[in-house]
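Take a look at the structure set out below.
The values are calculated or read from the model by the stated rules, or taken from the named source; none is laboratory data. Note that the structure is predicted; figures quoted are calculated from it, not measured. Here the Cβ positions follow ideal geometry from the backbone for every residue, glycine too, while neighbour counts run over all protein chains shown. For the accessible areas, the whole protein counts, side chains as well, though only heavy atoms, and no ligand, DNA or RNA atoms are used. Shrake-Rupley method; radii C 1.70, N 1.55, O 1.52, S 1.80 Å.
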Amino acid sequence: MQSFIAAMPNLKLSRNSHLPFVFKPKLVPASIDDPIKLLKKAADTKNLRTGKTIHAHLIVSGEPSKSVDIFQANSLINLYAKCDQVSIARHLFDCLPKRNVVSWSALMAGYLHNGMALEVLGLFKTMVSVDGLCPNEYIFATIFSSCSGSGRVEEGKQCHGYVLKSGLLSYEYVKNALVHMYSSCSEVESAMRVLNTVPGGDILSYNSVINGLLEHGHVREAMEMLGMMVSQCMDWDSVTYITVFGLCARLKDLRLGLQVHGQMLKNDIKCDVFLSSAMIDMYGKCGKVSNAANVFDRLQERNIVSWTAIMAAYFQNGYFEDALGVLSKMGNEDILPNEYTFAVLLNSSAGLSALRQGDLLHTCVEKSGFKDYVIVGNALINMYSKCGNIQAANEVFLDMTCRDSVTWNAMISGFSHHGLGKEALNVFQDMLAAGECPNSITFVGVLSACASLGLVQEGFYYLNQLMKQIGIEPGLEHHTCIVGLLSRSGQLDQAEKYMRTMPVKWDIVAWRTLLNACHVHRNYGLGKQVAEVVVRMDPNDVGTYTLLSNMYAKSRRWDGVVKIRKLMRERNIKKEPGVSWVEIRNTTHIFVSDDNMHPESSQIHEKVGELLAKIKPLGYVPDIAAVLHDVEDEQKEDYLSYHSEKLAIAYGLMKTPTNAPIRVIKNLRICDDCHAAVKLISKVTNRLIIVRDANRFHQFQDGRCSCADYW
DNA sequence: AGGTCCTCGG
């Protein structure tokens, strides 16, 4: 095998490995009985070192005059292909004087495993047209799989015809691969036709079809398929369990999930990293974090996917700190995050509005080279947007080389939440120009943008014309946007009429939108009626009582205020205290209205007094009507000064450089008085102040707010 | 001597 040996480029063992065996003969038996068998074993266990040693042995012991042993050559190609050394496999292949079908199939499988599906299709053409070889069932299994990987259904369909005529479709491997090709290329009908009309086939085909259905959102059909599979009494393999757990996760069907878990234990299925991750995911999506943590804690073997799955389970159930905490535990075991991990971490930071944490993660993303993954870019946009830094979100957006619909939606709704309707609509225009198809989420952002700009006609145009054209059925959330749109422009009666006449099953969010509008437009008559509806829908919602009591107070109906307080006492509803927080360097400072817990409390109060004195000449009048009537008049102003957001902003002004923006997060809606005060504070201090309240973002700058006094 | 299915984000 002389030419073959000479062609072998990478034979010298890696720098830190042992010297070639000729100097250490005891490492390898003097003669190898069955090198083919050993090479197969090395390939199957991905043991490149052993494989190379055997290769070396073959070179040294080979008779120079002997011609190439095709069996040995194929085994070597297989070895390097399996060990992710495709270029070496290719080199050996190219140097072969003669190749057979096995040589081709081994090499093709190597390319396929390295994600180079198109290369496989090219090889196939050469094999047939140049070498004139006849493809067999092995080749077609690989070809169909390559078609799945590259989305080349047309080539796959031609091969489908061939395997049908030649009878190769009777091989289960071929049939499974074909079914999988159709399933993954969203031709599920064809997949089911092959599955049902060609005799034979096994559990793998069912796995493929159910997965294909799930991936394209046909959950009901996937469930039906599961039923058919169960009725055929097939033995499930571990992929079936993974598939069915995926189905449970999608349906959030905990009962089925537990049942399948039980069956899995009974049947003594080996739980590998794939299966355990699917289980963690299922429990997470079904809201059972404790079960997910249980599965995770018992794992013998964990990989990055297991870690990301448990992290995601915490995140999806609102345990953002726990999700972030997983990162350091991972670090202890020297596991490095990947793009999915970063996406979960960034979204957890977004959930906490932890800008500092998000910034740190952004740095890690840049350093570790994951910044160009779409899911990471999307998560960065989401994080910056939810943490109140919409400019940074936009920078990430503009910097992205590859965008998907989630990217566009994140930017549109980000601008909308920040009250930047114009920017949101511009991004929407760019999205259309870029050829990205909007979906129903896009239109929620677009309609909210119309609302914040008061573009009533445009809003209706998007709802009735454009959405129809694209084929998106308006849902509850779109109709709610219309309620907001009408309300915002002051057409409260129209909004109320829209809710009364449209055949929509309105939820509490829609009613609250109308209620808010009544509050902002001081239409307390309608407001009180709407509030009654909201209270009936959720008797425990503190916000509604607060709003209602506020409306009574503003219309000086103290009897109403008393009534509401009595109602709240009876129903044992406690008023949630106002809490605001602000991040200064590495620390989050928390302020609760009316308390003096902060160590610098007296300086802060002094600062608030100073600020209020500065803005009074600009027209600030404390809104004492908003304060409950049983408080002494001279105390009312004090009450207002100690609102948590005022304390947090004052502290931010004390502790940050003069040009730094201040970001405050508040648990409740910002009150009228604070809103008016902060506008003027932004003017006298010349600062950008961003407040995220329970509903939205307020960007205060130069005496104005991005919400245009509507929130 | 060679081949197929699967887990983590919105």
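List the pairs whose first member sits in the range A:46-59 and is open to solvent by 20 Å² or more (accessible area, probe 1.4 Å), whose second member is among the small types (G, A, S), and whose Cβ atoms are under 6 Å apart, counting only residues at least 6 apart or on separate chains?
Partner pairs satisfying both residue conditions: A:T50/A:A42.
Before we move on, is A:R298 in contact (Cβ under 8 Å) with a residue 12 or more places away in the chain, open to solvent by 20 Å² or more (accessible area, probe 1.4 Å) and of a type outside the set (G, A, S)?
no
Of the residues in the range A:175-232, how many are farther than 15 Å from A:L251 by Cα, within 12 Å of DNA strand B (Cβ to nearest atom), in a helix (DSSP H, G or I) and of a type outside the set (S, T, Y)?
So the answer is 13.
Would you point out the residue of the range A:87-102, among those that are surrounded by 18 or more Cβ atoms within 10 Å (Cβ to Cβ) and not in a helix (DSSP H, G or I), that is nearest to DNA strand B (Cβ to nearest atom)?
A:R99
Select, from A:G351, A:G369, A:G388, the only residue that is on the phi > 0 side of the Ramachandran plot and open to solvent by 30 Å² or more (accessible area, probe 1.4 Å).
Among A:G351, A:G369, A:G388, only A:G369 is on the phi > 0 side of the Ramachandran plot and open to solvent by 30 Å² or more (accessible area, probe 1.4 Å).
Consider only pairs whose beta carbons are under 9 Å apart and that are at least six residues apart or on different chains; among these, list those whose first residue lies in the range A:147-170 and is outside any helix (DSSP H, G or I) and whose second residue is open to solvent by 60 Å² or more (accessible area, probe 1.4 Å).
A:R152/A:L118
Taking helices (runs of 4 or more DSSP H) that do not extend beyond the range A:374-473, which have at least 1 residues that are in contact (Cβ under 8 Å) with a residue 12 or more places away in the chain and touching a Pro at 6+ places or on another chain (Cβ under 9 Å)?
A:405-417, A:421-433, A:440-453, A:467-470
Tally time: how many residues in the range A:211-240 are under 23 Å from A:I280 (Cβ atoms) and either at pLDDT 95 or above or among the hydrophobic types (A, V, I, L, M, F, W, C) (or both)?
Number of matching residues: 8.
Kindly indicate the residue of the range A:60-81 that is farther than 23 Å from A:H113 by Cβ and open to solvent by less than 40 Å² (accessible area, probe 1.4 Å) and also farthest from DNA strand B (Cβ to nearest atom) among those meeting that condition.
Within the range A:60-81, the match that is farthest from DNA strand B (Cβ to nearest atom) is A:G62.
Which pairs do you get when a residue that is within 15 Å of A:L256 (Cα to Cα), found in the range A:224-245, comes within reach of a residue that is part of a loop (DSSP other than H, G, I, E, B) and open to solvent by less than 60 Å² (accessible area, probe 1.4 Å), reach meaning Cβ atoms under 7 angstrom, with the pair 6+ apart or on two chains?
Note: pairs meeting the criteria are A:Y241/A:I269.
Show me the helices (runs of 4 or more DSSP H) found entirely inside the range A:589-655 where at least 2 residues are at pLDDT 85 or above and farther than 30 Å from A:A354 by Cβ.
The helices (runs of 4 or more DSSP H) meeting that bar are A:601-615.
Exactly one condition in (1) surrounded by fewer than 19 Cβ atoms within 10 Å (Cβ to Cβ); (2) in a helix (DSSP H, G or I) is not met by A:D84; state its number.
Exception for A:D84: condition (2).
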